[in-house]
């Protein structure tokens, strides 16, 4: 099936979705995942198996082919326990895109150029159709930082941001390097970064910010916006990136 913008979709429906049709205006987010399975065919089978109780709206194969598994207006089961800003259980408000990749457990690798080209086309189409803001294109690790790593630090968010298909900062990488690894010494600066995380959308489970919860949030932020060093430590580079995002 060919849609506008030269988008080719192969229909392969999964039965794993909620029965009630959503209002178009309720779709506010797009969540990007990797499959985290060794073989592509097994991943597709799982997403279509009623026993698995997992699914996504779209699946992008290694060769770039896009499968449409669940109709957009129905709630697919891809996000699980999740939070972003004032939203929780993001299945209700989102479209899910699964990208074939073995993930961190089975030999995480770069996404193919064909896959990324398909991601760009699919995002352009969906964002226009549902009037989704580029800041609301998220990774699974953004909304479930204590559980998920996908799509991971090899997913080219910076490339998508150049096309306004995701959120990204515009700071020069050579400039940022001088601040990398310089751990924030003042409590005020650390608290400012944590406040910035919340303004961006990262949401703690509760009001009590345990060290472990904060580390999960910092790692999720780094996987997304500072992919060159993921250590869960708040440094000057992270603080500068967070400020840049909020000023963009």
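The values are calculated or read from the model by the stated rules, or taken from the named source; none is laboratory data. Keep in mind that what you see is a predicted model, and the values were worked out from it rather than measured. Cβ placement follows ideal geometry from the backbone for every residue including glycine, while neighbour counts extend to all protein chains displayed.
Confirm whether residue 96 is at pLDDT 95 or above, buried (at least 19 other Cβ atoms within 10 Å of the Cβ) and either in a helix (DSSP H, G or I) or in contact with a helix residue (DSSP H, G or I) (Cβ under 7 Å, 6 or more places away or on another chain) (or both).
The answer is no for residue 96.
Here is the figure for the range 223-237: residues that are within 20 Å of residue 140 (Cα to Cα) and free of Cβ contacts under 8 Å to residues at least 60 places away in the same chain total 5. Residue 150 passes every criterion in (1) surrounded by 14 or more Cβ atoms within 10 Å (Cβ to Cβ); (2) farther than 19 Å from residue 101 by Cβ apart from (2).
Residue 91 meets all of the listed conditions (1) at pLDDT below 95; (2) outside any loop (DSSP other than H, G, I, E, B); (3) more than 19 Å from residue 114 (Cβ to Cβ) but one, namely (1). Out of the residues in the range 191-225 that are touching a helix residue (DSSP H, G or I) at 6+ places or on another chain (Cβ under 6 Å) and either assigned to a loop (DSSP other than H, G, I, E, B) or on the phi > 0 side of the Ramachandran plot (or both), which is surrounded by the fewest Cβ atoms within 10 Å (Cβ to Cβ)? Checking each candidate, the answer is 204.
For the range 194-222, give me the residue count where each residue is farther than 18 Å from residue 137 by Cα and touching a strand residue (DSSP E or B) at 6+ places or on another chain (Cβ under 9 Å). Residues meeting the conditions: 2. For the range 100-139, the set of residues classified as outside any helix (DSSP H, G or I), in contact with a helix residue (DSSP H, G or I) (Cβ under 9 Å, 6 or more places away or on another chain) and crowded, with 18+ Cβ neighbours inside 10 Å consists of 100, 101, 111, 132, 137, 138, 139, listed by residue number.
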